[in-house]
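Okay, so here's the structure we're looking at.
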Amino acid sequence: MHQPWRLVVFGVEVLLAAVLIALAFPAWENSVVRIELPDASGGTVVSRMLGSWVALAVLAVTVGGLLLIDALRHLALGVRAGRSGKPTRGGSESEPRSGDTPASGRTAESGTTSDSGETPDSDSRS
C-alpha cells in the first residue's frame, strides 16, 4: 500500500486538476449570453445563462477538487513509504493495540469467550 510511485500519481493528479479547473473558467464565460434589446424597450441589455456550459464548468471544478483530495492522499502515502521500516508511534505493527480484539477471542471488557461466542459468566437463559 505504501509505495513511492504514489508521488508520481500525486503529480499527475495535481496537473489534471489544474487543467480541469483552468478549463472551468472559459466554460463559465461561454455560459453567459448577453442580449441587447431594441431601442423601443429602452435599449437594455439582458444576460442569459446556458445550462450546458454552467454544468460543464461545475463538473470540471468538482472533478478537479476530487482529484486534488485524492492527490493529497497519494502524497501522504508516498511520503510515508520512505519511512515504512521505522516503528510507528503506537509501537510495532504486530502488537495489538488496546481495545483491539486479538485472534484468541479474548476482549478487554468481557473476559474470555468460548467457541460458541458466549462469555463463561453469561446466562444461558432466553
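Quick notes
- Any hit, the stretch 80-97, residues being at pLDDT below 95, surrounded by 10 or more Cβ atoms within 10 Å (Cβ to Cβ), within 28 Å of the chain's Cα centre (by Cα) and in a helix (DSSP H, G or I): yes
- Set side by side, the residues THR101, THR62, THR107 differ, and just one is at pLDDT 95 or above and of a type outside the set (Lys, Arg), which is THR62.
- Within the stretch 12-58, considering residues that are part of a helix (DSSP H, G or I) and of a type in the set (S, T, N, Q), the one surrounded by the fewest Cβ atoms within 10 Å (Cβ to Cβ): SER41
- Candidate set from the stretch 20-57 (those that are free of Cβ contacts under 8 Å to residues at least 12 places away in the same chain and among the aliphatic types (A, V, I, L, M)); member that is farthest from GLY78 (Cα to Cα): ALA40
- The set of residues in the stretch 59-75 being out of contact with any Phe, Trp or Tyr (no Cβ under 6 Å at 6 or more places or on another chain), aliphatic (A, V, I, L, M) and either surrounded by fewer than 13 Cβ atoms within 10 Å (Cβ to Cβ) or closer than 10 Å to GLU13 by Cα (or both) consists of LEU66, LEU67, LEU68, ILE69, LEU72.
The values are calculated or read from the model by the stated rules, or taken from the named source; none is laboratory data. Here the structure is a predicted model, which means the values were calculated and not measured. Note that each Cβ is placed from the backbone with ideal geometry, even for glycine, and that neighbours are counted across all protein chains shown.
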